[in-house]
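Just below is one structure, and these are the notes that go with it.
All of the numbers you see were taken from the coordinates with simple rules; none came from a lab. The shown structure was predicted, so the numbers you read here are calculated from the model rather than taken from an experiment. Positions of Cβ are backbone-derived with ideal geometry, glycine not excepted, and every protein chain shown enters the neighbour counts.
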Amino acid sequence: MEENKKGRLVVLSGPAGAGKGKVLEVLFSKRRDYKYSVSATTRNPRFGEKDGVNYFFITMEQFEKDIQAGNMLEYAEYCNNYYGTPKKYVDQQIEAGINVVLEIEVIGAMQIKKKYPSAVLIFLTPPDFKTLEERLRGRATESEEVIRNRLMRARDEIILASKYDYIITNYDNKENKAADDIISVVRAHRLRAIEQEDLSEKILKSI
């Protein structure tokens, strides 16, 4: 497969309330060549969950072996279970021409960038902090303490937005536009000169 026909690893970050879930829902409904990354976990499957669809369910021993072997792009331990992104799965999807979307926090995104220099890092942000707070409070599912903690964390995350390749603003009821913006920046990323370093050489050889 030609390099420009391969998929890309798309890393999407943003504070709680930025609307990542809704934007990705629209994106996946628009394009079949975008797929959400399937994570691996050591926890037991819940009712209705399928291996390879919701998660890759593996043992604690296997997960730790994969960590040591460098087979996890990123991972974290939560409630005595591991969660992580299998490198092999991502590589296979990319080779098949699928753009794999990994929704992850800022620190993890910077780690991914080191392992995948060609990854497209996108930061999704609300238009302003007032909108962010209104969205969080509008959920009516979290306590005041949780909301305040999320807002404090959002400030720290937004400060690091400039470290990403692209920043996309998700306005209220404009998830469709934000999804289109993701498609546009991934396409633009493919056309960067650094992504086509050998193009001039190929053209000259064809003379």
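Principal semi-axes of the equivalent ellipsoid, √(5λ) from the alpha carbon gyration tensor of the range 38-96, are 18, 16, 8 Å from largest down. Charged side chains reduced to their Cβ positions (Lys and Arg at +1, Asp and Glu at -1) give the chain a dipole of some 380 debye around its Cα centre.
Taking the DSSP bridge list for the chain and keeping only pairs wholly inside it, about 30 percent are antiparallel. Working from label points 7 Å from Cα in the Cα-to-Cβ sense, the residue 142 to residue 91 distance is 3.7 nm.
Just so you know, the Cα atoms of the chain work out to an Rg and Dmax of 18.6, 68 Å.
Structure note, pairs 113/202; 5/163; 35/114; 20/88; 88/113; 114/163: Cα-Cα distances above 20 angstrom occur for 113/202; 5/163; 35/114; 20/88. In terms of packing, defined here as the mean over residues of other Cβ atoms within 10 angstrom, the peptides 150-161, 12-23 line up highest first as 12-23, 150-161.
Here's the list of aspartates and glutamates a cross-link from residue 6 could span, going by alpha-carbon distance under 14 Å and ignoring same-chain residues fewer than 8 apart: 33, 91, 95, 195. Treating each Cα of the range 81-143 as an identical point scatterer and summing with the Debye formula, the log10 of I(q)/I(0) at q = 0.16, 0.21 Å⁻¹ comes to -0.74, -0.94. Taking only the alpha carbons of the range 129-186, we obtain Rg and Dmax values of 13.5, 38 Å in that order.
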